[in-house]
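I have placed the structure first, in the form of structure tokens, so that the comments after it can refer back to it.
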Amino acid sequence: MKFSFNWIRQLTENLHVSPQDLGRLITTKTAECEGVDAYGEHLAHVCVARVLAVEPIGSGRNKKVLVETGRYGLKTVVCGAPNCRPGMVSAYVPPGTRLDGREIGVAVIDGVASEGMLASGAELGINRDASGILELDGEPGAPLPGCEPDHVLEIDNKAITHRPDLWGHHGLAREVAAITGAALREPVRLDLLPEGAAPVRVEIEDLELCPRYSALALENVTVGPSPLWLQYRLQAVGLNPINNVVDVTNYVMAELAQPMHAFDWDLLRGPAICVRPARDGERLLALNEQEYRLDQRDLVIADARGPIALAGVIGGLDTGIHEGTRRIVLESACFQASSIRKTSSRHKLRTDASMRFEKAQDPVNTVRGLARALELLRQVCPGIRVAGGVADAGRPLPVPPSILLPVEWLCRKLGRAVEPAEVTRILKRLGFGVEEAEPGALRVTVPSWRATRDVSIKDDLVEEVGRMIGYDAIAPQAPAVVVAPPPPSPERLFHRAVRRTMVELGFTEVYNYSFVGEEQARRFGMDPADHVRVANPIGTDRTLLRRSLLPEIFENILENSKHYEHFRIFEIGREIHKQPAGLPREIPHMMAAIYSRQGVEDGLMELKRAAEHLMEGCELCPGFSRSYEHPARAGSVVWRGTVVGRLFELHPSLLEGRAAVLDLDLQVMLALQEDGKRYRPIRRFPASAFDLSVIADRRELAANLSRQLADLAAPELEAITYLRQYSGPPLPEGKKSVSFRLTVAAPDRTLSSEEVGAIRARIIEGMRARGYDFRL
Amino acid sequence: MLEATLEDLQARALERIRGARSMEELEAARVEALGRKGALGHISKELGKLPPEERARVGRLLNAVKQCLEESFEARRKEFEEEALRRRLEAEWLDLTLPAPEPKRGHFHPVTQVQAEIEDLFTSLGFTVLDGPEVETEYHNFDALNIPPDHPARDVQDTFWLTDGNLLRTHTSPVQIRGMERFKPPLRMIAPGRVFRNEEVDASHEHTFYQVEGMMVDREVSVAHLIYFMKLMVNAIFRREVAVRLRPGYFPFVEPGFELDMQCLLCEGAGCPACKHSGWVEMIGCGLVHPNVLRMSGIDPEEWMGFAFGLGLTRLVMMRFGIDDIRYLQSGDLRFLHQF
Ligand SMILES: [Zn+2]
């Protein structure tokens, strides 16, 4: 939202603050001011000038023009404007002036030295008319009337969504007055409003949707361009000057935050203006020349024929002001914020009016807007007359809320002492009514422009007082609270430990999106229908919530394999699983991958090692494989009897090189953590060890052999350790030999060599009975 | 007669000791002279046959020869050992400038690093670290936070809605609600996490980013306390005294609400492109917990007060490391991640 510094100065008295300082003050006390920019600086040098003589030069449109500039004397300029003629009065820009970032110099055009230029309204930033040079009145040398250099303050729209009053200059001027101690001027003279019966009737169907609709009819209207000062003012705050009637409605909106609309009275049909929900299928051709198809969720202003405006958003083209308009009806109304917001977003049409109405405007303001507009129209539209009194429909105005404010409570909230007198002064300057309700407590009445949504409880007043005394005036203070360790968060600590282990083992942490596309899901054997689906996805490749970290990890592998021969990555993130009802289940997983382009690094075993670092004694159970897994290199990770994840190589058809992947369910792992560790005495009698090499089929699992040996060695077995495996001569094709070291002991004595021999013989015999052979 | 033999034997043995070219040759010479069946052993057997007075004299000589030879052997053996050790040391020269075998240590994601620092800081101040779901109900994300149904924050364009009617949380603030539902006051908590906004991605906007939510509810909680913790946090994160300012900011779930700006670290407040020439950078949205929010979570606002804040973790990480493109954070690009 753009604010003119000159406008604010006009609405205050004794404002002695630079625009930049004002911007800073507004930021720290009211709402963020994102920038303060000079506007129309060049107008300090531009002056009124009379064209004395015009002489064609060259073959084009350019003319050599002699002008009397008063301030700068007689000047010769080259001008190509079609309306340039002797005797006219226009605007002269002397050399050395900067226009739109460009310095005007003495240029030689068609052999004539042009000392400066005559300028159009668009070139001067006064309006958007670039069709010819400005047509003015006045004496040469005089400044352009009402067009002084200004500054524009840009206030962040998001910072004032809760402040309907700050969508107009008067509201901001009130803040400025409260901040700086300047006095606020009242721009509205309600006494100007005519008495008597209104010539137009207003009917409101739903007072919730339209709490108030005020209208004023005027006649003997002459539509034409506004005076320069009005055009310049609107242009400075980013509004497009159109004609005197429309410009006045926009001016009032920018000043009082009250959107207004002007209808051509002669184009309205029927005796009444009706505010009602649209009927399904009704259409409105709007002022922007777009046609809107309406339904009953839209509120419209209608005459006997149908909609003439989309309430609070935009007027209709057919009933708008045009050059020949002679009689007008001014609308100044108040609409329900949420209804306007919905309509405007449904039709993707945000206008200066809808932006204001969706902030919940003050119903008191409607007739104020009419009074101000009437005063301005009398200035810019000579001869205009009111046609009867004000039509004012609506429900009774709400009673201003009053809040009991205990001053001691306020000080506790702020953490700083504030005198009741200061609280009173601050609130009064902001327009609140304040009186002492009881000792130590104030009765505060909320002004209508703050009562629509913004201020309703005493906490809201803490903000008013706090921001005005200034938050930098509140000293930081440590709270006096009980010192105690916070409740633990075991999941966080566990995830941290997993992260640390993985990083120490050489893995780099990646973060991936929670979204996947259907194609990605299918590639990894998942049905898109099993996913939680985004209703408004950011792209077709991001329509589902991930049920596995794999699709994105796979993308990471592909991308990074362009730059690296081999690498290790991991991610800790949530799988999101659809549930029959309620929120989906979010399961934290850790997925790690080792990639090697040459297929050299033994990624699977390295990942198995990582799994063992995370879970001492975890086991790998091959069995089945999934479509995207290498069928001979895949297994489940089992810990403490529970499946906690998968270890596999990606199917070689998916990529070049080798990629091993470990996927662990951190929630299950956390549940399997044990603390209660107990010490066991160290054995006092020495143990004995011997090695055995079992001959088995090549695909026999080492874990299977180890388990069988262990069964046979019980109960004397202390430990069994894998040593090595071998295949090749003299073993027959398809066979391998796997060697283990077995350690046996008794708890109460040293085993004799005969006893050890007997155990060994028992094991060999047992294995032979199961069809295994030994290399002895 | 024996004496001459002994002297001869000694001379020959010494000759062989000196001449030995290896440990093996030396050992052979030793066995020949001093071994059980060696020359000296042979002579000592002869000793018994001598008359007693001669036996004593020759015996002494025998011992002297034996000792002499043993010492010589020992000395020579040491020479060999020293030589062997010297050779081994020579052979075992290692180029310590060679790189250690792979893998090198990996890298924590930059967000993880800063998040851990913040968690540790607040844990040390008695705050617990909480977590909440990334998929949230409309109630927890909006209603319970005093964001009315027609508030612009609920606009479709900002929120990722799911077809089941739930949504992806647009801020970590719902964890405030979940925290209050789980723990009774007094409570102190923070909640770091991933949040989502339906925004076009460019160098400074992401649809997925990180925040840290914080909340304290107690009998007496004031703006002064809030400022205390915010300053503490900013100084700890940047490991120096950083100027901050509090200014009004609007969030429906706090009243009063603030934006906390910190002085731009790049220009020290003088103004630069990074801070849009204001000298300040928006860092934290915060305020005193709105009584409606307390009430909706079953806490009596007349008895309890609280503050809450939401910190843009992603933005903080970018400032801390000077990252100029937000998209790198979720890219999985190791050329980026290996730098942290
Ligand atoms: Zn800066």
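The values are calculated or read from the model by the stated rules, or taken from the named source; none is laboratory data. Here the structure is a predicted model, which means the values were calculated and not measured. Cβ sites come from the backbone with ideal geometry, for glycine too, and all protein chains shown count toward neighbours. Accessible surface is based on the protein model in full, side chains and every heavy atom, while ligands, DNA and RNA are left aside. Shrake-Rupley method; radii C 1.70, N 1.55, O 1.52, S 1.80 Å.
Figures for the structure shown
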{"quantity": "Neighbours by Cβ (under 7 Å, 6+ apart or cross-chain): first from the stretch B:265-293, at the interface with another protein chain (Cβ under 9 Å from one of its Cβ atoms); second within 8 Å of the ligand (Cβ to nearest atom) and part of a loop (DSSP other than H, G, I, E, B)", "calculated": "B:His277/B:Gly271; B:Ser278/B:Gly271; B:Trp280/B:Cys264"}
{"quantity": "Some residue of the stretch B:176-195 being within 22 Å of B:Tyr328 (Cα to Cα), within 8 Å of chain A (Cβ to nearest Cβ) and at pLDDT 90 or above", "calculated": "yes"}
{"quantity": "Total residues in the stretch B:232-262, condition in contact with a strand residue (DSSP E or B) (Cβ under 8 Å, 6 or more places away or on another chain) and closer than 27 Å to A:Leu166 by Cβ", "calculated": "18"}
{"quantity": "Evaluation of B:Arg247 against (1) more than 8 Å from every other protein chain (Cβ to nearest Cβ); (2) more than 15 Å from the ligand (Cβ to nearest atom); (3) crowded, with 20+ Cβ neighbours inside 10 Å (one fails), failing number", "calculated": "(1)"}
{"quantity": "B:Lys49 vs. criteria assigned to a loop (DSSP other than H, G, I, E, B) and either away from every other protein chain (no Cβ under 14 Å) or modelled with pLDDT under 85 (or both)", "calculated": "yes"}
{"quantity": "Condition met for A:Gly582 (facing chain B (nearest Cβ under 9 Å) and either in contact with an Asp or Glu (Cβ under 6 Å, 6 or more places away or on another chain) or more than 19 Å from A:Arg658 (Cβ to Cβ) (or both))", "calculated": "yes"}
{"quantity": "The stretch B:125-158, residues that are within 8 Å of another protein chain (Cβ to nearest Cβ) and of a type in the set (Val, Ile, Thr)", "calculated": "B:Thr128, B:Val129, B:Val135, B:Thr137, B:Val156"}
{"quantity": "Unmet criterion (only one of (1) buried (at least 23 other Cβ atoms within 10 Å of the Cβ); (2) in a strand (DSSP E or B)) for B:Met233", "calculated": "(2)"}
{"quantity": "In the stretch A:610-625, residue farthest from A:Asn704 (Cα to Cα) [restricted to those that are open to solvent by 80 Å² or more (accessible area, probe 1.4 Å) and at pLDDT below 95]", "calculated": "A:Glu616"}
{"quantity": "The stretch A:567-577: number of residues that are crowded, with 19+ Cβ neighbours inside 10 Å, without any contact (Cβ under 8 Å) to a residue 60 or more places away in the chain and either part of a helix (DSSP H, G or I) or more than 7 Å from chain B (Cβ to nearest Cβ) (or both)", "calculated": "1"}
{"quantity": "The stretch B:96-115, residues that are within 7 Å of another protein chain (Cβ to nearest Cβ) and either under 25 Å from B:Tyr250 (Cβ atoms) or within 15 Å of the chain's Cα centre (by Cα) (or both)", "calculated": "B:Lys104, B:Arg105, B:Gly106, B:His107, B:Phe108, B:His109, B:Val111, B:Thr112"}
{"quantity": "Candidate set from the stretch A:293-322 (those that are open to solvent by 30 Å² or more (accessible area, probe 1.4 Å) and not basic (Lys, Arg)); member that is nearest to A:Leu267 (Cα to Cα)", "calculated": "A:Asp318"}
{"quantity": "Residue in the stretch A:524-547 that is basic (Lys, Arg), assigned to a helix (DSSP H, G or I) and more than 9 Å from chain B (Cβ to nearest Cβ) present", "calculated": "no"}
{"quantity": "Subset tally (residues that are open to solvent by less than 30 Å² (accessible area, probe 1.4 Å) and more than 7 Å from chain B (Cβ to nearest Cβ)) for the stretch A:506-519", "calculated": "3"}
{"quantity": "Residue within the stretch B:312-335 that is more than 16 Å from the ligand (Cβ to nearest atom), open to solvent by less than 10 Å² (accessible area, probe 1.4 Å) and away from chain A (no Cβ under 14 Å) present", "calculated": "no"}
{"quantity": "Residue selected from the stretch A:368-397 under the condition touching a helix residue (DSSP H, G or I) at 6+ places or on another chain (Cβ under 7 Å) and within 22 Å of A:Ala337 (Cα to Cα), by the criterion least open to solvent (accessible area, probe 1.4 Å)", "calculated": "A:Gly369"}
{"quantity": "Every pair of residues 6+ apart whose Cβ atoms lie under 6 Å, when the first sits in the stretch A:255-273 and is in a loop (DSSP other than H, G, I, E, B) while the second is open to solvent by 50 Å² or more (accessible area, probe 1.4 Å)", "calculated": "A:Arg269/A:Ala304; A:Arg269/A:Arg305; A:Gly270/A:Ala304; A:Pro271/A:Arg201"}
{"quantity": "From A:Glu41, A:Glu55, residue being open to solvent by 70 Å² or more (accessible area, probe 1.4 Å) and touching a strand residue (DSSP E or B) at 6+ places or on another chain (Cβ under 6 Å)", "calculated": "A:Glu55"}
{"quantity": "Top-ranked residue in the stretch A:406-430 [being part of a loop (DSSP other than H, G, I, E, B) and open to solvent by 30 Å² or more (accessible area, probe 1.4 Å); ranked as nearest to the other protein chains (Cβ to nearest Cβ)]", "calculated": "A:Arg416"}
{"quantity": "Matching residues in the stretch B:256-274 - criterion: being surrounded by 15 or more Cβ atoms within 10 Å (Cβ to Cβ), over 18 Å from A:Glu32 (Cβ atoms) and more than 6 Å from the ligand (Cβ to nearest atom)", "calculated": "B:Leu265"}
{"quantity": "Residue match in the stretch A:460-472 (condition: in a helix (DSSP H, G or I), small (Gly, Ala, Ser) and touching a Lys or Arg at 6+ places or on another chain (Cβ under 9 Å))", "calculated": "yes"}
{"quantity": "Residue in the stretch A:582-592 that is in contact with a Gly (Cβ under 7 Å, 6 or more places away or on another chain) and over 30 Å from B:Gly165 (Cβ atoms) present", "calculated": "no"}
{"quantity": "Some residue of the stretch A:480-492 being assigned to a loop (DSSP other than H, G, I, E, B) and more than 9 Å from chain B (Cβ to nearest Cβ)", "calculated": "no"}
{"quantity": "Yes/no for A:Thr69 being within 14 Å of another protein chain (Cβ to nearest Cβ), in contact (Cβ under 8 Å) with a residue 40 or more places away in the chain and hydroxyl-bearing (Ser, Thr, Tyr)", "calculated": "no"}
